[in-house]
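One structure is given here, and the rest of the page talks about it.
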Amino acid sequence: ARAVFSGGASGNMPTVEIEKGDLGNVMDVMVKAGIVPSKSECRRLIQQNGLTIGDAKVTDIAAELTEADFTDGEVIVKKGKKVFHKATL
């Protein structure tokens, strides 16, 4: 999936900033960051394998998002097949 952003295309990706204090349950973080509009939609995405953080599919609605998920302070969040967000700390 990284090849999609080669050549600086990641600059066109919407970027959301996540406060370290807001890290925790992945559904709470995604809603607070505005990546998904509601917890129910986030739950549906996860159940349908439609949410990927970094290179890992989120398969558990109780999953936690931690600083360890970020590389150099950022991580790519993929919602569905075509919607990408870059989350930064």
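The values are calculated or read from the model by the stated rules, or taken from the named source; none is laboratory data. Please read these numbers as outputs of a predicted model, since none were measured by experiment. Positions of Cβ are generated from backbone atoms using ideal geometry, with glycine treated the same way; all protein chains shown enter the neighbour counts. SASA here: full protein model, heavy atoms, side chains in, ligands and nucleic acids out. Shrake-Rupley method; radii C 1.70, N 1.55, O 1.52, S 1.80 Å.
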So, in nm, how far is label residue 62 from label residue 48 when the simple model puts each one 7 Å beyond its Cα toward the Cβ? 2.5 nm
At a 1.4 Å probe radius, which order do 51, 89 fall into by accessible area, largest first? 89, 51
Provide 52, 71 ordered by accessible surface of protein heavy atoms (probe 1.4 Å), highest first. 71, 52
For region 46-53, in order, what is each residue's ³J(HN,Hα) by Karplus, 6.51 cos²θ - 1.76 cosθ + 1.60 with θ = phi - 60°, in whole Hz (x at glycine and Pro)? 5, 5, 9, 6, x, 10, 10, 10
Other residues with Cβ under 13 Å from the Cβ of residue 36 give, with Lys and Arg +1 and Asp and Glu -1, a net charge of +4
Can you work out the accessible area per residue across region 17-89, with the rest of the protein chains kept in place, probe 1.4 Å, in square angstrom? 57 Å²
Hey, can you grab everything whose amide H is under 5 Å from the amide H of residue 16? Only 5+ residues off in sequence or another chain; H modelled, so Pro and N-termini drop out. 86, 87, 88
Output the relative contact order of the chain, whole-number percent, from Cα pairs under 8 angstrom with separation of 6+ residues. 33 percent
